[in-house]
1. Only residues that are within 13 Å of chain A (Cβ to nearest Cβ), open to solvent by 30 Å² or more (accessible area, probe 1.4 Å) and not charged (D, E, K, R): list them for segment B:28-60, please.
2. So B:L124 passes all but one of these: (1) modelled with pLDDT of 90 or more; (2) facing chain A (nearest Cβ under 8 Å). Which condition number does it fail?
3. Could you list all residues from segment A:101-123 that are of a type outside the set (D, E) and either more than 7 Å from chain B (Cβ to nearest Cβ) or assigned to a loop (DSSP other than H, G, I, E, B) (or both)?
4. How many residues does segment A:31-59 hold that are facing another protein chain (nearest Cβ under 8 Å), open to solvent by less than 10 Å² (accessible area, probe 1.4 Å) and in contact (Cβ under 8 Å) with a residue 12 or more places away in the chain?
5. Taking interchain pairs and intrachain pairs at least six residues apart, which have beta carbon atoms under 9 angstrom, with the first residue in segment A:162-184 and assigned by TED's automatic domain parsing to the domain that holds A:A149 and the second assigned to a loop (DSSP other than H, G, I, E, B) and of a type outside the set (S, T, N, Q)?
6. Quick check on my filter: what residues within segment B:65-94 are open to solvent by less than 10 Å² (accessible area, probe 1.4 Å) and more than 9 Å from every other protein chain (Cβ to nearest Cβ)?
7. Taking segment A:46-65 only, how many residues are under 18 Å from B:K100 (Cβ atoms) and either touching a Phe, Trp or Tyr at 6+ places or on another chain (Cβ under 7 Å) or among the hydroxyl-bearing types (S, T, Y) (or both)?
Amino acid sequence: MNLGLLFFEFFKIGLFAVGGGLATLPFLSKLAEKYPWFTSGDLANIIAVSESTPGPLGINMASYTGFTGAGILGGIVATFGIVLPSYLVILLIARILQKFNENRYVQTAFTGLRPAVVGLISAAVLSIMELSFLHPNATTILTLLNWKALVMFLLLALIRFRFQKAHPIILIGIGAVFGIVFGGF
Amino acid sequence: MKEYIDLFLTFAKIGGFTFGGGYAMLPMMQRELVEKKNWTTNEELLNYYAVGQCTPGIIAVNTATFVGYKRKGILGGAAATAGIVTPSVIIIILIASLLKNFAAYPIVQHAFSGIRIAVCATILVSIVNLWKKSVKKFSDYIFCIVAFLLSAFTPISPVWIVLLAGMGGIFTNPKKEEETK
């Protein structure tokens, strides 16, 4: 495992993921395809743990994926890598704070970036959902879909929409209990 | 030196005791940084958040860098940044090492198969909220759908999609300056 490569990949994420922790997800999803550090299946577990523990989501996910790829040192290196670009950028713009936000190019760039980030995150979630909702070796449409998982998903999404203020850890707890009761999905 | 340690510990407390990051951290930051320490004002803090959204990286971390830099320059920024990430790194590595040992147990696997579905549900709701906030005009739909399609069905790295979307925004909004005047 090459720590330099790990650092470089997370540095790139830190430099290009705009819009907070969840915006790092599409990048992590591509990393899962590109390197053997962790799989898309691991990624769902990593999100669950990162949502259920204190600290910024993006940092938790970076520490976890780095750890999965290269152990304790990997977790530290990945976190350092993802933080360094924003640290440098903030130092650069701290003096011109107000001007930066009102800059015409910054503002107009974000009219494209904001909606694009929504699309990127959606695509990343879709690739995670495939693993839970589709059976890989199915022959017909009825067996292709994991109906049990789909019903569970709709139920949980409904609860989530109804109680938006509730902490995600509650939903994750419900998911875990149902998973154990039904013997897996 | 004492001030650097103070910066580190204060931000470590914020990082270690708030869940979710970003906006979930704002009330804790207000209490610790504005009310207790007087390091910044509520208005400044909201400005940092606004800039944090328009700069790469994780918003809570960007805010920590800002406050630390304002207090004690480059090293202050480093102390605050290190403070906010340290609890995460320690807690995550502990949990990840534990889970690694238990991952083979069927009950853990079953639990995680349910948890994965719950995660999809929590993120779906986040996406819907983001969508409501960021996708309103016709051009927003185009940016969102094109980014989705490129990311889902081509091997193009999100790096390029982000760069293209930013440039696209600049080129399709040439009148922005007059509007804001």
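1. B:L46, B:N47, B:A50, B:Q53
2. Of everything listed in (1) modelled with pLDDT of 90 or more; (2) facing chain A (nearest Cβ under 8 Å), B:L124 misses just condition (1).
3. Answer for segment A:101-123, where residues must be of a type outside the set (D, E) and either more than 7 Å from chain B (Cβ to nearest Cβ) or assigned to a loop (DSSP other than H, G, I, E, B) (or both): A:N103, A:V117.
4. Adding up the residues that qualify gives 7.
5. Correct list of pairs: A:I170/A:F163; A:L171/A:F163; A:F178/A:F185; A:G179/A:F185.
6. Of everything in segment B:65-94, those that are open to solvent by less than 10 Å² (accessible area, probe 1.4 Å) and more than 9 Å from every other protein chain (Cβ to nearest Cβ) turn out to be B:V67, B:G68, B:G76, B:A80, B:G83.
7. Of the residues in that region, 9 qualify.
The values are calculated or read from the model by the stated rules, or taken from the named source; none is laboratory data. For clarity, every value in this text was computed on a predicted model and none was experimentally measured. Reconstructed Cβ throughout: ideal geometry from the backbone, glycine too, with neighbour counts over all protein chains shown. Side chains included, ligands, DNA and RNA excluded: accessible areas come from the protein's heavy atoms. Shrake-Rupley method; radii C 1.70, N 1.55, O 1.52, S 1.80 Å.
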